[in-house]
Amino acid sequence: MIIGEFFRGLFLMIWRVATDQPEAKADLLAVFPPSARPVISAVLTVSPIIGIFATLFALTTLLERKGLGRIQNRLGPNRVGPFGILQPVADGLKMLTKEDIIPRSADALVHFLAPVVLAVPTILAFAVLPYGRNLVPVDMDAGILFFFAVGASTELAIFMAGWSSRNKYSLLGAMRAIAQMISYEIPLIISSVSVIMIAGSLSPVEIIAQQGRYLAGGFVPHWFVLTPWGLAGFIMFLIASLAESNRSPFDIPEAESELIAGHLTEYSGFKYALFFMAEYFGMFAVSGLAVTLFLGGWHAPFEFLEIVPSYVWFFAKLMGLVCLFIWVRGTVPRLRVDQLLNFAWKFMLPLSLLNLVVAAVWHFTAAWEFPGAGLGRWLLGAVMIGVPYVWLGRALSGSKKITQRTYRFAD
Amino acid sequence: MVMETLEQIKARIENAISGAKPEIIPNESPSAQRSLLLDPAHAVEVAKFLRDDSQLRLDYCSNVTGVDWLDLIIKEKVKVKKVVEGVEKEVEEPVERKRPGYLEAVYHLYSMALKHGPLIIRLRTENRADKNHVPSLTPVWRGAEFQEREIYDLYGIIFDGHPDLRRILMWEGFADHPMRKDYVEPDDYEYEPTPHDEVLEKTKQHHSPEPKP
Amino acid sequence: MNQPDPYLVIVVFLVAATLFAVAPLLLAWIWARTFSPRKPGPDKNAIYECGLESKGDAWVQFRSEYYLYGIIFLIFDVETIFLLPFAVAFTKLPVGAFIAMMVFLLLLVEGLVWAWRKGVLKWS
Amino acid sequence: MNEGLRSELSKQGIFTTTLGDLYNWGRKNSVWPLQFGLACCAIEMIATTMARYDLARFGAEVFRPSPRQADLMIVAGTVTKKMAPQVVRLYNQMPEPKYVIAMGACAISGGPFKQGYNVLKGIDRFIPVDVHIPGCPPRPEALIHAFMTLQKKIETQQLTGVNRPRHLDAEAPSEFPVPKFGGHDLEPPNNPAVWHAPKLVREP
Amino acid sequence: MFMETAIDTPESKYEILPKTLSNGEMDGELLEVAMGPQHPSTHGVFRMDVVLDGEKVVKLKPVFGYLHRNHEKIAENTTYLASMPYTDRLDYLCSMTNNWAYALSVEKLAGLQPPERAEYIRIITGELTRLVNHTCLVGFLLQDMGALGTPLMYAFREREMILDLFESLSGSRMMCNYMRFGGCRVDLPAGWLEQAKRAVDSYSGFLDEFEKLLTENEILVARTQGIGVLPPDLAVNASITGPMLRASGVNYDIRKVDKYGIYDRFEFRVPLGDHGDVYDRYMIRLLEMRESVKILNQALRDIPAGPIVDPKAKLRGFRPKVGEAYGRIEGPKGELGFYLISDGTPNPYRYRVRPPSLINLTVLEDMCLGQDVADVVIILGSVDIVLGEVDR
Amino acid sequence: MLGEGIIKGMVETARNFVGSYSDPERLTTVEYPEDKIPAKENARNFPFLVYDGDDAARGLRCVACQICEKECPPKCIYIVKSKDKKPDYIGKPQFYPAVFDIDVSVCMSCQICVEVCPFEAIKMDTEFELSNPDRFGGLLQDKHRLAKSNEYYHKIHETEAAEVDARLAAEKAKAEAKARADAEAKAAAAAKAATAAATPKPAPNPTTVAPAK
């Protein structure tokens, strides 16, 4: 009897989730005694998220390898299972059964803790993202703050990894990682502050709700990315999140061509896999936040498409950003550490601060009521952020312009 | 641009640097690249002259190499006047002359400024064993730095005045100078599946692996 | 009341995440115990350095540049903390409050400019 | 694993066989090579990973620069005596299971350079080699072929029993002594525990 | 971009002997790191012992010999012909030009003259080799800079096309062993010229694509401009040759100076850089490839029919007269020379390779001092070394 | 403007990505074990011995002259000449190799053995799938493994094999004519038995340098 109820509840839950209905867990929870319900409910929330992101991680590694392959005129993994779909499974199995080496002179405890300390916060960051209309694991008022708070602790883990290995390359990698991540932490936060200013809330749910309107007959969504400050903020957020997740061109902590594998040099077996996984989880998390802050979260791009389940849009946008990351990775070379820091402090930080002003101006000009006011607002914002962009870009390149040098020819 | 002939250069060197006695080494092959043998005492001075002289400006030292000349027994027939059966005759008599071996450093010089060359200069050590010093020309041409180290490593010529004369290709602690003609190789390829008789013969002269302490 | 306390969910999340991270390590350990014995050795557990024996210690006192960035980071991180409540309240604030906040920001920007001019941000 | 053996094993416990099969499947399809090239063959090794041959199809394009994450050491090129200790040390620093492909004539036997005084006459004097690829350099396809040969070899290995591979045997060594530089040669010039000089038998 | 230091103007007076930065006022301890012999971007088994102050290089000592294969010793123990396949393995990216340099030296030593068609074939294969080498170099350089394989993959895609040509001509992709004393081994197979024309035609398109992909890329510009500056007078004094020398602005191309082969019949220009930094070295290579394409177009148009081997040349029992000769060509990496002494026997008495890669490394430390670790690998990459030639 | 170059680069990679689905130029992968790049006419990998007819042992063209053994740069060929003789393709008694080993783990595929062989007996194979876990068992090839038929030779090097066959046929015809003439001469001068005939002069291969006469 209970078992029947359980499966009915389970089925109803899946059905409700799939069709975007609220209170998905209600029937299933009714099976359990009331005292256990909160915990069961939490477990029911947490386990699918971890499961989905773990699967997504596996698929993304494959997608990345295949996508890079296509960019590079080749096929990529396609032999393990149909279309190579089992490649990540094989990799995982191999990593599990690989011998684990802890260097003799390393700090064994910290060496062991580092991957765990890295993986746990990146997973925790998933807690506050709204995945769909009714799919919010934790609806926290200070959700964004929580996100940044957990995100910041990953820096410590990377430093632990580099330091404890007692390897010279690891150490260099760790130092670089710290410098890089703290430097990009600030533009990352400040560029999202502009959204918080306009939305007036730190709650991801509320921020998405603010972007839920449509203009121009349902064909222009009211996403923050479609405002001048939002676009600038989005781009800066993306660049900073590339740096935060150590992705190319900001992969200098593990800079393969200089530092072997940087802070990962001494890691083998599944500990290495955990680092690898945490990198992807981090990428998912920041992409998810970017989707929430700038791309309207789970809202459809056009009003008539709202009938499609909301989580589809969320994950589509998320994977779109991930693909962008992969695309960038397949194109650009890596920056040097001092250039990277210069870029953070001398370009990203001033611009993101300026972006706050642009957002404020946007807010104050909302009352404009003359013909063409919308366009005027847009242009004003664009000029306010665009001119300093060009100017700072010039300043950053030093006195010389980025033009091709001329070369002499001798006959 | 055409370079002066070797004779002209030789004469100008002798004029410019007192005591320098360059010697022209002939070359019979179709390449006809003759060379100048410098005496070690004046080599650096001569080299500087060659580099800085306005008509030569041999600013580019292309190639530096060592050559090992073993002790050589030259058999010649010398005409000797002898009294044979009371009559003085000119008779050819075989004479064996031992030419002591030496090590040689050969420098090929070109001019990048005037686009001519090569001028080949040679330095010789006195013998192959202990008197194996020649002056280093690295202070004149930096390009000789690694090549002189290589010659030191492989031939054992010691270049006085070289800034960093260490072994370059073999490891520190290697005892031999393997490019010398009388180098004996370590004993380690007699197991090849297709050993030839001469290979097998050769392995017999090899150093046997040193016994473990 | 079906929505549990958010902090309970966070705690469950924390536990699950830790399990998720530690479980495979445990599994790998079990595998190593059962089938594939770990074989440490003097060479294998030595520090990797491009195939050479590692010379000297990696734990050295490091250059100050990194630390300088750390200090500036602290300043700006605190600033952003102040920014957050301001940002939340922004839409309800009058223009004057915004200008006051801008003055606060400008002071910090001045700090940045000072550090920039002073060459702190320059990698010597 | 042939059918007879499989049924024999399944009598003792089907669990072992399937787990072993899964294990073999996993490690055979995820062989990450060490990013380690020595000489000419390294260029062909790189060419193998490039668009035309695309070793990535087998899931093996993940060339790891650190031996800690690598499974396969492709000894691609001439191992000189000066380099041999480093090669052995790198091999030692790889975690188990680890495989070695000797790519090209030089790595197998010293090849064309075997007459040289500074050339090691085959890396199998110091570490065990799983697959040899002749050629100077072998074509990229030959490397892929060797890779598949290695996969076949992995496939036939058993998880337990006397015939289990070296890395599953607690007694078998996982690292080999690194030779020292001597006055004339490496000391020792080969590792007798690994290298057995063949007896020359020549039928007339 | 992202960079403030202006380009150092080349100092007029160079210091001849290698120098090392002192750790005078710097804080922090020094870190001694070995880069190599197994390192992703030392292009083989090269090793640099680097002393770092933070990320800055204060001392750098190259360590050689990990690929010392005794090429010269083996050649002195074998016949002239048998050394030809070994030259393929010197600089294993450019076997054709190695063959050519060796054949040229032996021809000088023995007084042979290759017929006209052979000279044309040599120029075609030689310039194709230059394309291969420069393409790969640019790919590897970008790999060192951290581009995730894409430029290298594009480079190798084009390389495969030229290797196909080499394979159908000589039978082997990399180790062509194609040239012989006084000519070439086999004549061009049917249809080869057309195939070569197609390959050369598509090459300009590839170069355009490559430039679009990278040349204006801000990260590349920021990473390379002003890095690893080599002043021209030091370059000359340190015997630097090839594109690296010309990137420093010295006009010295042996194809123009010696006019060996029949290079005086072709119209091409020698690109020269003004800054001598990594970016110039990168660009000089791209520009040289465009000039090579020009030479190839002319050669493929003008190639005459005729014999391909000097009838005086002997395959077996080849014994040049007693004497010595030094022959050199403009290899893709610089001056590649062979110095041979014959004592009249079938084996050379002295056989010496003048390796451009090794000698171009002389100034590695001078270029790297004061730069970052990350710069060291791209400076090394821009020098363009192949270990087979450095250590021989 | 900052970022322009990166965007240009990204457009280029996107073009390649999209092109990889439509343009074969942009998806150059040949899936090796299933598809193979057709071997080039001239391709070479390791030498093999050509035999005529059906019997590998009897039809071997090799006469154990050991020229290839001497000329082989890495010395990977090992030949033992037979005690007895057997008739070759023109019926002339010749030695044959009692042992003919090639260690392909040493071979450098340089083709010099083919060039110097006066008997068209050794040719280059295009086979490359030789990787083997067993070095000596798998890679030391004896004459039984090396012997491959003339038909196989025709299959892999069509043009070259046809030329070789034409040349051999011409030679055979010449030799037969000569033999006939000799026989007639012998018949005329019945007292003499001419058994010691000169070895057949090989026609120079037009594609290679003429061997020394």
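Below, the figures for the structure above:
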{"item": "Residue, modelled with the lowest pLDDT, within segment D:155-204, restricted to residues that are β-branched (Val, Ile, Thr) and over 19 Å from the mean Cα position of the chain (by Cα)", "result": "D:Val201"}
{"item": "Scan of segment A:126-153 for residues that are part of a helix (DSSP H, G or I) and more than 10 Å from every other protein chain (Cβ to nearest Cβ), ordered by number", "result": "A:Phe147, A:Ala149, A:Gly151, A:Ser153"}
{"item": "Spans of helices (runs of 4 or more DSSP H) in segment E:325-387 with at least 3 residues under 11 Å from the mean Cα position of the chain (by Cα)", "result": "E:356-360"}
{"item": "When residues of segment B:6-42 are limited to those that are open to solvent by 70 Å² or more (accessible area, probe 1.4 Å) and part of a loop (DSSP other than H, G, I, E, B), the one farthest from B:Tyr107 (Cα to Cα)", "result": "B:Ser18"}
{"item": "Odd one out for A:Phe7, checked against (1) open to solvent by less than 70 Å² (accessible area, probe 1.4 Å); (2) over 29 Å from A:Ala316 (Cα atoms)", "result": "(1)"}
{"item": "Subset of segment E:218-259 (residues that are more than 8 Å from every other protein chain (Cβ to nearest Cβ), farther than 19 Å from B:Leu114 by Cβ and open to solvent by less than 10 Å² (accessible area, probe 1.4 Å))", "result": "E:Thr224, E:Ile227, E:Gly228, E:Leu230, E:Gly242, E:Pro243, E:Met244, E:Ala247"}
{"item": "Search result, residues across segment F:43-66 that are open to solvent by 40 Å² or more (accessible area, probe 1.4 Å) and either assigned to a loop (DSSP other than H, G, I, E, B) or within 19 Å of D:Tyr53 (Cα to Cα) (or both)", "result": "F:Asp52, F:Gly53, F:Asp54, F:Asp55, F:Cys65, F:Gln66"}
{"item": "Test: residue in segment A:218-228 that is within 14 Å of chain D (Cβ to nearest Cβ), open to solvent by 10 Å² or more (accessible area, probe 1.4 Å) and modelled with pLDDT under 90", "result": "no"}
{"item": "Of all residues in segment E:345-371 being open to solvent by 10 Å² or more (accessible area, probe 1.4 Å) and in contact with an Asp or Glu (Cβ under 7 Å, 6 or more places away or on another chain), the one that is nearest to E:Thr79 (Cα to Cα)", "result": "E:Asn347"}
{"item": "Selection count, segment F:98-144, where residues are free of Cβ contacts under 8 Å to residues at least 24 places away in the same chain, assigned to a loop (DSSP other than H, G, I, E, B) and not polar (S, T, N, Q)", "result": "3"}
{"item": "Count of segment B:43-58 residues which are charged (D, E, K, R) and part of a loop (DSSP other than H, G, I, E, B)", "result": "2"}
{"item": "Residue match in segment B:134-154 (condition: farther than 30 Å from B:Ala32 by Cβ, assigned to a strand (DSSP E or B) and at pLDDT below 90)", "result": "no"}
{"item": "Selection status of A:Leu226, within 20 Å of the chain's Cα centre (by Cα) and without any contact (Cβ under 8 Å) to a residue 12 or more places away in the chain", "result": "yes"}
{"item": "D:Gly135 being within 17 Å of the chain's Cα centre (by Cα) and more than 7 Å from chain F (Cβ to nearest Cβ)", "result": "no"}
{"item": "Helices (runs of 4 or more DSSP H) wholly inside segment E:25-133 containing at least 2 residues that are touching a strand residue (DSSP E or B) at 6+ places or on another chain (Cβ under 8 Å) and within 12 Å of chain B (Cβ to nearest Cβ)", "result": "E:71-76, E:95-110"}
{"item": "Only listed residue being away from chain A (no Cβ under 14 Å), open to solvent by less than 10 Å² (accessible area, probe 1.4 Å), charged (D, E, K, R) and part of a helix (DSSP H, G or I), chosen from E:Glu160, E:Glu194, E:Glu167", "result": "E:Glu167"}
{"item": "So D:Val75, is it in contact (Cβ under 8 Å) with a residue 24 or more places away in the chain, among the hydrophobic types (A, V, I, L, M, F, W, C) and open to solvent by less than 10 Å² (accessible area, probe 1.4 Å)", "result": "yes"}
{"item": "Subset tally (residues that are under 25 Å from A:Ser170 (Cβ atoms), of a type in the set (Gly, Ala, Ser) and within 14 Å of chain D (Cβ to nearest Cβ)) for segment C:1-56", "result": "6"}
{"item": "Exclusive hit being at the interface with chain E (Cβ under 9 Å from one of its Cβ atoms), of a type in the set (A, V, I, L, M, F, W, C) and farther than 29 Å from E:Ala155 by Cβ, set D:Val119, D:Val88, D:Val129", "result": "D:Val119"}
{"item": "Lone qualifier among A:Lys25, A:Lys66 - being more than 14 Å from chain D (Cβ to nearest Cβ) and crowded, with 20+ Cβ neighbours inside 10 Å", "result": "A:Lys25"}
{"item": "Among residues of segment E:260-275, those that are away from every other protein chain (no Cβ under 11 Å) and either part of a loop (DSSP other than H, G, I, E, B) or touching a Phe, Trp or Tyr at 6+ places or on another chain (Cβ under 6 Å) (or both), counted", "result": "4"}
{"item": "All positions within segment C:78-99 that are assigned to a helix (DSSP H, G or I), open to solvent by less than 60 Å² (accessible area, probe 1.4 Å) and more than 7 Å from every other protein chain (Cβ to nearest Cβ)", "result": "C:Glu79, C:Phe86, C:Ala89, C:Gly96, C:Ala97"}
{"item": "Residue check for E:Arg290: touching a Leu at 6+ places or on another chain (Cβ under 9 Å), more than 10 Å from every other protein chain (Cβ to nearest Cβ), open to solvent by 10 Å² or more (accessible area, probe 1.4 Å) and in contact (Cβ under 8 Å) with a residue 40 or more places away in the chain", "result": "yes"}
{"item": "Complete set of residues in segment D:141-159 that are at the interface with chain F (Cβ under 8 Å from one of its Cβ atoms) and over 17 Å from D:Val75 (Cβ atoms)", "result": "D:Glu141, D:Met148"}
{"item": "Scope segment C:1-57; condition β-branched (Val, Ile, Thr) and either open to solvent by 30 Å² or more (accessible area, probe 1.4 Å) or part of a helix (DSSP H, G or I) (or both); matching residues", "result": "C:Val9, C:Ile10, C:Val11, C:Val12, C:Val15, C:Thr18, C:Val22, C:Ile30, C:Thr34"}
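Let's see how each residue does on (1) at pLDDT 85 or above; (2) crowded, with 20+ Cβ neighbours inside 10 Å; (3) within 26 Å of F:Ile112 (Cβ to Cβ):
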position	(1), (2), (3)
F:Leu2	no, no, no
F:Thr13	yes, yes, no
F:Gly19	yes, no, no
F:Cys68	yes, yes, yes
F:Ser82	no, no, yes
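This table checks each residue for (1) assigned to a loop (DSSP other than H, G, I, E, B); (2) away from chain A (no Cβ under 14 Å); (3) within 23 Å of E:Ser168 (Cα to Cα); (4) of a type in the set (D, E, K, R).
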{"site": "F:Glu12", "(1), (2), (3), (4)": "no, no, no, yes"}
{"site": "F:Thr29", "(1), (2), (3), (4)": "yes, no, yes, no"}
{"site": "F:Asp35", "(1), (2), (3), (4)": "yes, no, yes, yes"}
{"site": "F:Ala39", "(1), (2), (3), (4)": "yes, yes, yes, no"}
{"site": "F:Pro74", "(1), (2), (3), (4)": "yes, yes, no, no"}
{"site": "F:Ile79", "(1), (2), (3), (4)": "no, yes, no, no"}
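The values are calculated or read from the model by the stated rules, or taken from the named source; none is laboratory data. All values derive from a computational prediction rather than experimental measurement. Positions of Cβ are generated from backbone atoms using ideal geometry, with glycine treated the same way; all protein chains shown enter the neighbour counts. All accessible areas refer to the heavy atoms of the entire protein, side chains included, with ligands and DNA or RNA removed. Shrake-Rupley method; radii C 1.70, N 1.55, O 1.52, S 1.80 Å.
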